[in-house]
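K.L.:
What follows is a structure written as C-alpha coordinates; I'll ask about it next.
The values are calculated or read from the model by the stated rules, or taken from the named source; none is laboratory data. From a predicted model like this one, the values you see are computed outputs, not experimental measurements. Reconstructed Cβ throughout: ideal geometry from the backbone, glycine too, with neighbour counts over all protein chains shown. To get the accessible areas, we keep the full protein, side chains included, count just its heavy atoms, and leave off ligands, DNA and RNA. Shrake-Rupley method; radii C 1.70, N 1.55, O 1.52, S 1.80 Å.
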Amino acid sequence: MATKIKNDLKEEYQGIKYILTSTMRTKLLLSIYNESKNLDDLRIELEKPSATILHGLKELENLNFVKKVQKYYQLTSNGYLLTTNMIKLIDNWYATNKNEDFWNSHDLTAIPQENLKNIYLLKNAECISSTTSNLSKAYNSYTKLIENVEELKITLPIFSENHLRQIVQLIQEKTLHKLELITHQDILSLIHRNPLFKKWLINNENVKIICIKNPLKTFLTLGDEFMSLTLFFKDGHYDDSQILIDKTHEGLKWGALLYNQTKEWRWNQ
(Lines give C-alpha, C1' and ligand atoms only; values in the text may rest on other atoms or scores of the structure.)
Protein backbone atom coordinates (compact mmCIF):
# COMPACT_ATOMS: atom_id res chain seq x y z
CA MET A 1 0.00 0.00 0.00
CA ALA A 2 2.81 2.40 0.95
CA THR A 3 4.63 1.61 -2.31
CA LYS A 4 1.49 2.34 -4.34
CA ILE A 5 1.02 5.70 -2.60
CA LYS A 6 4.67 6.53 -3.21
CA ASN A 7 4.34 5.66 -6.91
CA ASP A 8 1.13 7.71 -7.19
CA LEU A 9 2.85 10.71 -5.64
CA LYS A 10 5.81 10.27 -7.98
CA GLU A 11 3.46 10.26 -10.97
CA GLU A 12 1.64 13.34 -9.69
CA TYR A 13 4.95 15.11 -9.17
CA GLN A 14 6.10 14.27 -12.68
CA GLY A 15 2.80 15.60 -14.08
CA ILE A 16 3.04 18.91 -12.21
CA LYS A 17 6.74 19.20 -13.08
CA TYR A 18 5.94 18.69 -16.78
CA ILE A 19 3.37 21.49 -16.66
CA LEU A 20 5.43 23.95 -14.64
CA THR A 21 8.52 23.55 -16.84
CA SER A 22 6.54 25.07 -19.72
CA THR A 23 5.31 28.63 -19.42
CA MET A 24 2.88 28.09 -22.29
CA ARG A 25 1.32 24.93 -20.83
CA THR A 26 0.97 26.64 -17.44
CA LYS A 27 -0.60 29.78 -18.90
CA LEU A 28 -3.04 27.77 -21.00
CA LEU A 29 -4.32 25.82 -18.00
CA LEU A 30 -4.67 28.97 -15.92
CA SER A 31 -6.37 30.82 -18.76
CA ILE A 32 -9.18 28.28 -19.21
CA TYR A 33 -9.43 27.36 -15.52
CA ASN A 34 -12.57 29.43 -14.92
CA GLU A 35 -14.07 29.53 -18.41
CA SER A 36 -13.79 27.92 -21.84
CA LYS A 37 -12.01 29.94 -24.54
CA ASN A 38 -11.51 29.68 -28.27
CA LEU A 39 -8.26 30.13 -30.14
CA ASP A 40 -8.86 33.83 -30.79
CA ASP A 41 -9.47 34.46 -27.07
CA LEU A 42 -6.24 32.65 -26.15
CA ARG A 43 -4.20 34.39 -28.83
CA ILE A 44 -5.32 37.84 -27.66
CA GLU A 45 -4.86 37.05 -23.96
CA LEU A 46 -1.50 35.28 -24.22
CA GLU A 47 -0.15 37.42 -27.06
CA LYS A 48 1.32 34.41 -28.82
CA PRO A 49 0.90 33.12 -32.38
CA SER A 50 -1.75 30.51 -33.12
CA ALA A 51 0.85 27.84 -33.94
CA THR A 52 2.48 28.13 -30.50
CA ILE A 53 -0.86 28.02 -28.69
CA LEU A 54 -2.14 25.08 -30.73
CA HIS A 55 1.05 23.14 -30.03
CA GLY A 56 0.59 23.67 -26.29
CA LEU A 57 -3.09 22.73 -26.45
CA LYS A 58 -2.27 19.55 -28.36
CA GLU A 59 0.22 18.52 -25.66
CA LEU A 60 -2.40 19.10 -22.97
CA GLU A 61 -5.04 17.22 -24.96
CA ASN A 62 -2.69 14.22 -25.28
CA LEU A 63 -2.38 14.23 -21.47
CA ASN A 64 -6.19 14.39 -21.09
CA PHE A 65 -5.97 17.76 -19.32
CA VAL A 66 -7.77 19.75 -22.01
CA LYS A 67 -10.56 18.93 -24.45
CA LYS A 68 -12.09 20.81 -27.36
CA VAL A 69 -15.86 21.25 -27.43
CA GLN A 70 -16.91 22.74 -30.75
CA LYS A 71 -14.52 25.72 -31.07
CA TYR A 72 -13.85 26.14 -27.37
CA TYR A 73 -11.11 24.64 -25.19
CA GLN A 74 -11.91 23.61 -21.63
CA LEU A 75 -10.34 21.59 -18.84
CA THR A 76 -11.16 17.95 -18.33
CA SER A 77 -11.81 16.73 -14.79
CA ASN A 78 -8.15 15.68 -14.54
CA GLY A 79 -7.06 19.03 -15.88
CA TYR A 80 -9.23 20.90 -13.42
CA LEU A 81 -7.84 18.93 -10.45
CA LEU A 82 -4.26 19.38 -11.65
CA THR A 83 -4.72 23.11 -12.19
CA THR A 84 -6.39 23.54 -8.79
CA ASN A 85 -3.40 21.87 -7.11
CA MET A 86 -1.00 23.88 -9.25
CA ILE A 87 -2.66 27.14 -8.19
CA LYS A 88 -2.50 26.02 -4.56
CA LEU A 89 1.21 25.21 -4.97
CA ILE A 90 1.94 28.61 -6.52
CA ASP A 91 -0.06 30.41 -3.83
CA ASN A 92 1.65 28.41 -1.05
CA TRP A 93 5.00 29.35 -2.52
CA TYR A 94 3.98 33.00 -2.69
CA ALA A 95 2.58 33.03 0.86
CA THR A 96 5.70 31.50 2.40
CA ASN A 97 8.06 33.74 0.42
CA LYS A 98 6.06 36.87 1.23
CA ASN A 99 6.54 36.32 4.98
CA GLU A 100 9.63 34.14 4.69
CA ASP A 101 11.35 35.42 7.83
CA PHE A 102 8.27 34.75 9.98
CA TRP A 103 7.90 31.13 8.86
CA ASN A 104 11.63 30.32 8.79
CA SER A 105 12.49 31.66 12.23
CA HIS A 106 9.71 29.99 14.22
CA ASP A 107 8.77 26.55 15.50
CA LEU A 108 5.99 25.19 13.27
CA THR A 109 5.68 21.75 14.90
CA ALA A 110 2.47 22.70 16.71
CA ILE A 111 0.73 23.68 13.47
CA PRO A 112 -1.13 20.69 11.98
CA GLN A 113 -0.12 19.44 8.54
CA GLU A 114 -3.48 20.46 7.10
CA ASN A 115 -2.82 24.06 8.03
CA LEU A 116 0.73 23.97 6.71
CA LYS A 117 -0.53 22.59 3.40
CA ASN A 118 -3.03 25.46 3.24
CA ILE A 119 -0.59 28.30 3.89
CA TYR A 120 -1.82 29.72 0.59
CA LEU A 121 -4.88 30.96 2.49
CA LEU A 122 -2.51 33.44 4.18
CA LYS A 123 -1.17 34.91 0.95
CA ASN A 124 -2.60 38.32 1.96
CA ALA A 125 -1.34 38.20 5.55
CA GLU A 126 0.92 40.97 6.80
CA CYS A 127 3.83 40.38 9.16
CA ILE A 128 4.46 43.26 11.55
CA SER A 129 7.88 43.29 13.24
CA SER A 130 9.13 45.34 16.15
CA THR A 131 12.25 47.39 15.55
CA THR A 132 15.03 48.78 17.69
CA SER A 133 13.34 52.17 17.52
CA ASN A 134 9.89 50.70 18.29
CA LEU A 135 10.22 47.59 20.46
CA SER A 136 6.46 47.43 21.10
CA LYS A 137 5.33 47.70 17.48
CA ALA A 138 4.04 44.11 17.27
CA TYR A 139 2.29 44.29 20.66
CA ASN A 140 0.76 47.69 19.91
CA SER A 141 -0.55 46.34 16.61
CA TYR A 142 -2.23 43.54 18.54
CA THR A 143 -3.89 45.84 21.08
CA LYS A 144 -5.12 48.07 18.25
CA LEU A 145 -6.53 45.01 16.52
CA ILE A 146 -8.68 43.88 19.44
CA GLU A 147 -9.74 47.22 20.90
CA ASN A 148 -13.24 47.25 19.37
CA VAL A 149 -14.12 43.57 19.03
CA GLU A 150 -17.20 42.10 20.66
CA GLU A 151 -16.13 38.43 20.52
CA LEU A 152 -12.73 36.79 20.69
CA LYS A 153 -11.34 33.28 20.48
CA ILE A 154 -7.78 32.90 21.74
CA THR A 155 -5.25 30.11 22.17
CA LEU A 156 -2.98 31.38 24.95
CA PRO A 157 0.39 29.61 25.31
CA ILE A 158 1.98 32.07 27.78
CA PHE A 159 1.07 33.94 30.94
CA SER A 160 1.26 37.55 29.81
CA GLU A 161 -0.06 40.15 32.24
CA ASN A 162 -0.03 42.79 29.51
CA HIS A 163 -2.25 40.78 27.20
CA LEU A 164 -4.57 39.61 29.97
CA ARG A 165 -4.94 43.13 31.42
CA GLN A 166 -5.86 44.42 27.97
CA ILE A 167 -8.54 41.73 27.64
CA VAL A 168 -9.89 42.43 31.13
CA GLN A 169 -10.04 46.14 30.33
CA LEU A 170 -12.14 45.41 27.24
CA ILE A 171 -14.50 43.29 29.37
CA GLN A 172 -14.74 46.01 32.03
CA GLU A 173 -15.53 48.62 29.41
CA LYS A 174 -18.21 46.26 28.02
CA THR A 175 -16.57 46.33 24.62
CA LEU A 176 -15.75 42.62 24.67
CA HIS A 177 -18.95 40.63 25.24
CA LYS A 178 -17.76 37.08 24.74
CA LEU A 179 -14.40 35.36 25.13
CA GLU A 180 -13.40 31.75 24.53
CA LEU A 181 -9.90 30.98 25.76
CA ILE A 182 -7.88 27.80 25.23
CA THR A 183 -4.85 27.54 27.48
CA HIS A 184 -2.57 25.15 29.33
CA GLN A 185 -3.33 24.12 32.92
CA ASP A 186 -0.17 25.86 34.21
CA ILE A 187 -1.26 29.15 32.65
CA LEU A 188 -4.74 28.68 34.10
CA SER A 189 -3.24 28.20 37.58
CA LEU A 190 -1.42 31.54 37.28
CA ILE A 191 -4.64 33.25 36.16
CA HIS A 192 -6.37 31.83 39.27
CA ARG A 193 -3.72 33.37 41.53
CA ASN A 194 -4.31 36.88 40.22
CA PRO A 195 -7.40 38.42 41.90
CA LEU A 196 -8.15 40.71 38.95
CA PHE A 197 -7.90 37.94 36.37
CA LYS A 198 -9.79 35.50 38.56
CA LYS A 199 -12.70 37.92 38.96
CA TRP A 200 -13.02 38.96 35.33
CA LEU A 201 -11.93 35.81 33.55
CA ILE A 202 -12.57 32.80 35.80
CA ASN A 203 -15.75 34.01 37.50
CA ASN A 204 -17.36 35.49 34.41
CA GLU A 205 -20.25 33.80 32.64
CA ASN A 206 -19.27 35.49 29.38
CA VAL A 207 -15.84 33.87 29.44
CA LYS A 208 -15.33 30.23 28.55
CA ILE A 209 -11.95 28.72 29.38
CA ILE A 210 -10.86 25.43 27.88
CA CYS A 211 -7.91 23.81 29.63
CA ILE A 212 -5.60 21.40 27.84
CA LYS A 213 -2.87 19.22 29.33
CA ASN A 214 -0.14 19.69 26.76
CA PRO A 215 1.63 23.06 26.37
CA LEU A 216 0.57 25.26 23.45
CA LYS A 217 2.98 26.76 20.93
CA THR A 218 0.63 29.08 19.06
CA PHE A 219 -0.78 32.40 20.22
CA LEU A 220 -3.77 32.64 17.93
CA THR A 221 -6.47 35.30 18.18
CA LEU A 222 -9.68 35.21 16.16
CA GLY A 223 -12.12 38.07 15.81
CA ASP A 224 -15.01 38.52 13.42
CA GLU A 225 -12.84 40.40 10.93
CA PHE A 226 -9.25 39.32 11.62
CA MET A 227 -6.92 36.63 12.81
CA SER A 228 -3.49 37.12 14.33
CA LEU A 229 -0.71 34.66 15.06
CA THR A 230 2.49 34.78 17.08
CA LEU A 231 4.78 31.81 17.59
CA PHE A 232 7.79 30.51 19.47
CA PHE A 233 11.37 30.53 18.28
CA LYS A 234 12.89 27.16 17.44
CA ASP A 235 14.85 27.30 20.72
CA GLY A 236 11.59 27.30 22.69
CA HIS A 237 11.41 30.99 23.61
CA TYR A 238 8.24 32.94 22.84
CA ASP A 239 8.65 35.64 20.21
CA ASP A 240 6.69 38.82 20.91
CA SER A 241 8.52 40.80 18.21
CA GLN A 242 6.62 39.50 15.19
CA ILE A 243 2.90 39.11 14.58
CA LEU A 244 1.13 37.82 11.50
CA ILE A 245 -2.22 39.54 10.80
CA ASP A 246 -4.79 38.62 8.18
CA LYS A 247 -8.14 40.35 7.65
CA THR A 248 -9.33 38.38 4.62
CA HIS A 249 -11.97 35.66 4.47
CA GLU A 250 -9.27 33.14 3.51
CA GLY A 251 -7.10 34.12 6.47
CA LEU A 252 -10.02 33.81 8.88
CA LYS A 253 -10.74 30.36 7.42
CA TRP A 254 -7.14 29.30 8.08
CA GLY A 255 -7.25 30.65 11.62
CA ALA A 256 -10.60 29.01 12.41
CA LEU A 257 -9.25 25.65 11.24
CA LEU A 258 -6.20 25.97 13.50
CA TYR A 259 -8.35 27.05 16.44
CA ASN A 260 -10.82 24.20 16.04
CA GLN A 261 -8.04 21.65 15.70
CA THR A 262 -6.46 22.96 18.89
CA LYS A 263 -9.84 22.73 20.59
CA GLU A 264 -10.34 19.15 19.40
CA TRP A 265 -6.82 18.32 20.58
CA ARG A 266 -8.13 18.63 24.14
CA TRP A 267 -10.36 15.60 23.70
CA ASN A 268 -7.58 13.47 22.23
CA GLN A 269 -5.18 13.90 25.14
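K.L.:
Can you pull the percent of segment 123-162's accessible area that's carbon plus sulfur, 1.4 Å probe, other chains left in place? Show your work: numbers first, answer last.
P.N.:
On the way: 900 of 2210 Å².
The value for segment 123-162 is 41 percent carbon and sulfur by accessible area.
K.L.:
Holding the Cα-Cα limit at 21 Å, pick out from K144/K178; K37/K58; K17/K68; K144/K234; K178/K199 the pairs that are longer than that.
P.N.:
Details: K144/K178 18 Å; K37/K58 15 Å; K17/K68 24 Å; K144/K234 28 Å; K178/K199 15 Å.
Where the Cα-Cα span goes over 21 Å, the pairs concerned are K17/K68; K144/K234.
K.L.:
Right, another one. So how tilted is helix 50-62 from the main axis of the chain? Cα-based, degrees 0 to 90, rounded to 10.
P.N.:
The angle comes out near 70 degrees.
K.L.:
Put R193, R43 in order of accessible area, largest first, 1.4 Å probe: what do you get? Write out the running numbers ahead of the final one.
P.N.:
Numbers: R193 180, R43 85 Å².
Accessible-area ranking of R193, R43, largest first: R193, R43.
K.L.:
Semi-axes of segment 24-134's equivalent ellipsoid from the Cα gyration tensor, sqrt of 5 times each eigenvalue, largest first, rounded to whole Å? Intermediate results must be reported in sequence, preceding the final value.
P.N.:
Values: eigenvalues 293, 53, 20 Å².
For segment 24-134, the ellipsoid semi-axes come out as 38, 16, 10 Å.
K.L.:
Among K117/K198; K27/K253; K217/K253; K88/K153, which pairs are too far apart, with a Cα-Cα distance over 30 Å? Walk me through the numbers on the way to the answer.
P.N.:
Working: K117/K198 39 Å; K27/K253 28 Å; K217/K253 20 Å; K88/K153 28 Å.
Too far apart for the 30 Å limit: K117/K198.
K.L.:
Then there's this: Largest first, what is the accessible-area ranking of W103, W200, W93 with a 1.4 Å probe?
P.N.:
W93, W200, W103
K.L.:
Using a 7 Å offset from the Cα along the Cα-to-Cβ direction at both K71 and N97, what is the distance between the two label points in nm, to one decimal?
P.N.:
Label-label distance for K71 and N97, simple model: 3.8 nm.
K.L.:
Could you work out the mean projected area of the convex hull around the alpha carbons of segment 29-94, in square nanometres to one decimal? List each step's numbers first, then the result.
P.N.:
Details: hull surface 18.3 nm².
So the Cα hull casts an average projection of 4.6 nm².
K.L.:
Using a Förster distance of 35 angstrom, determine the FRET efficiency expected from the C-beta separation of N162 and K88, and round it to 0.05. Each step should come with its number before you reach the end.
P.N.:
Values: r = 38 Å, r/R0 = 1.08.
Taking R0 as 35 Å, the efficiency between N162 and K88 is 0.40.
K.L.:
Let me ask you something else. Just in segment 47-144: which trypsin sites (Lys or Arg not before Pro) are loop by DSSP and have at most 15 other Cβ atoms within 10 Å?
P.N.:
Numbers: sites: K58, K67, K68, K71, K88, K98, K117, K123, K137, K144; in loops: K71, K123.
Here the trypsin sites (Lys or Arg not before Pro) that fit, given the DSSP loop and packing criteria, are K71.
K.L.:
While we're on this one: Give the long-range amide H neighbours of N194: residues separated by 5 or more places, or on another chain, with amide H under 5 Å away, using H modelled in the peptide plane at 1.01 Å from N.
P.N.:
Placed amide hydrogens put nothing under 5 Å from N194.
K.L.:
Work out from phi, with θ = phi - 60° and the Karplus expression 6.51 cos²θ - 1.76 cosθ + 1.60, the ³J(HN,Hα) of each residue of segment 175-191, listed in order in whole Hz, and give x for Gly and Pro.
P.N.:
For segment 175-191, the Karplus curve yields 7, 8, 9, 8, 9, 10, 10, 9, 8, 7, 4, 5, 5, 4, 4, 5, 5 Hz.
K.L.:
What's the extension gain from E205 to E173 if we count 0.36 nm per residue and subtract their Cα-Cα distance?
P.N.:
On the way: separation 32, 0.36 × 32 = 11.52 nm, distance 1.59 nm.
Full extension of this stretch gives 9.9 nm more.
K.L.:
Nearest 10 degrees is fine. How inclined is helix 2-20 to the longest principal axis of the chain, computing both from alpha carbons?
P.N.:
Once rounded, the angle reads 70 degrees.
K.L.:
Another question, then. Among DSSP beta bridges lying fully in the chain, give the percent that are antiparallel, nearest 5.
P.N.:
Details: 24 of 36 bridges.
Antiparallel bridges: around 65 percent, rounded to the nearest 5.
K.L.:
Continuing with the same structure: Hand me the GluC sites (Glu not before Pro) from segment 105-199 located in a DSSP loop with no more than 16 other Cβ atoms within 10 Å, in residue order please.
P.N.:
Counting only loop positions with at most 16 other Cβ atoms within 10 Å, the GluC sites (Glu not before Pro) in segment 105-199 are E147, E150, E173.
K.L.:
Give me the mean projected area, in nm² to one decimal, of the convex hull enclosing the Cα positions of the chain. If you can, show how the numbers build up before the last one.
P.N.:
Values: hull surface 77.8 nm².
If I average the Cα hull's projected area over directions, I get 19.4 nm².
K.L.:
Where only protein heavy atoms count, and the probe is 1.4 Å, what is the accessible area per residue for the chain in Å²?
P.N.:
Values: 15520 Å² over 269 residues.
Accessible area per residue: 58 Å².
K.L.:
Would you please give the FRET efficiency between K137 and D224, computed as 1/(1 + (r/R0)^6) with r the Cβ-Cβ distance and R0 = 25 Å, to the nearest 0.05?
P.N.:
Numbers: r = 24 Å, r/R0 = 0.97.
Efficiency at R0 = 25 Å is approximately 0.55.
K.L.:
Quick one: Karplus J couplings for segment 236-250, per residue in order, coefficients 6.51, -1.76, 1.60, θ = phi - 60°, nearest Hz, x for Gly and Pro?
P.N.:
x, 8, 6, 9, 9, 9, 9, 9, 9, 10, 9, 10, 8, 4, 5
K.L.:
Can you pull out the GluC sites (Glu not before Pro) in segment 26-79 whose DSSP state is coil and whose Cβ has at most 14 other Cβ atoms within 10 Å?
P.N.:
Details: sites: E35, E45, E47, E59, E61; in loops: E35, E47.
Filter output for segment 26-79: E35, E47.
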